[in-house]
Amino acid sequence: MTSETAPVVYLLRRPREVDPYEDALSTAGYQPVHLPVLEFSYVNEPRFHEFLKSPGSFGGLIVTSPRVVDLLKTIKERDPQLLAPWFKKQSYAVGPSTSGRLTTLGFDVRGSNAGNAEELSRVIIAARPSGRPLLFLCGNRRREMLPKALTRAGVAWQELQVYRTDVSDSIVPADERPGWVVCFSPSGVEGLTQILDSLAHTPRIAAIGPTTAQALRVEGFTVHAVAHEPSAEGVIRALQRAEPTIR
């Protein structure tokens, strides 16, 4: 399949230097085009550093966003010894990508098979953490499901907002005619309308997982494909299930 005939897929995310979605989708016969619809900024860094200097106060970490991994990576590069005590604690993260990147940094991570916050809550509860609270590192738009599940199960946790998410006011779609638009988070749903309004046709919509799919449906969008796992391979399989003629 040539690049001229390969279906274009808009990815509503910011690409990485070596991007697994771009590589995997290209190999699978798609033309991936990144459209970052969200802007991120870090907050509470002095307080976060104080927390990191007190590992004895916590039983481990909960990470549900790649933004947190990026921050931890930066901290490790600046001060390698600051995170060292945390590597001995149990950490929990959603999905293979976030879990894998945390593991590469040196953390002991569970949750690679958890595709969303609900599944991660089951992983944490099954581990039966007790005593000191887990430090839940999150953003300003974090959802209630995980905290509520942990509280009901009697798992101690403490929240710290370390980043904030805002919808970009300057989303510029590319000139390609997309066959698909893939939404990667409930926050990204807000930018979808702006993109669709700029297109002369209506592409199919895919979601990275059930939580994002539900957020899309609440806003009135038809969801044509939902990834069973939050990964490049999961997205590809979802697209291929919805359009079996595209391989």
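The values are calculated or read from the model by the stated rules, or taken from the named source; none is laboratory data. Worth saying up front: this structure is predicted, and the values here are computed from it rather than measured. Ideal geometry is used to build each Cβ from the backbone, glycine not excepted, and the neighbour counts take in all protein chains shown.
Which of the residues spanning region 65-107 are outside any helix (DSSP H, G or I), hydroxyl-bearing (S, T, Y) and in contact (Cβ under 8 Å) with a residue 40 or more places away in the chain?
S65, Y92 - these are the residues of region 65-107 that are outside any helix (DSSP H, G or I), hydroxyl-bearing (S, T, Y) and in contact (Cβ under 8 Å) with a residue 40 or more places away in the chain.
Can you go through S99, S170 and tell me which one is surrounded by 20 or more Cβ atoms within 10 Å (Cβ to Cβ), out of contact with any helix residue (DSSP H, G or I) (no Cβ under 8 Å at 6 or more places or on another chain) and either at pLDDT 90 or above or not hydrophobic (A, V, I, L, M, F, W, C) (or both)?
Just a single option satisfies the conditions, and that option is S99.
Test of understanding: among V189, V181, V155, which residue is crowded, with 16+ Cβ neighbours inside 10 Å, of a type in the set (V, I, T) and more than 22 Å from the chain's Cα centre (by Cα)?
Just a single option satisfies the conditions, and that option is V155.
For R164, indicate whether it is among the basic types (K, R), part of a strand (DSSP E or B), touching a residue at least 12 places away in the same chain (Cβ under 8 Å) and farther than 17 Å from E50 by Cα.
So R164 fits the description; yes.
Given the residues G179, G139, which is the only one that is in contact (Cβ under 8 Å) with a residue 12 or more places away in the chain, assigned by TED's automatic domain parsing to the domain that holds E190 and over 18 Å from P230 (Cα atoms)?
G179
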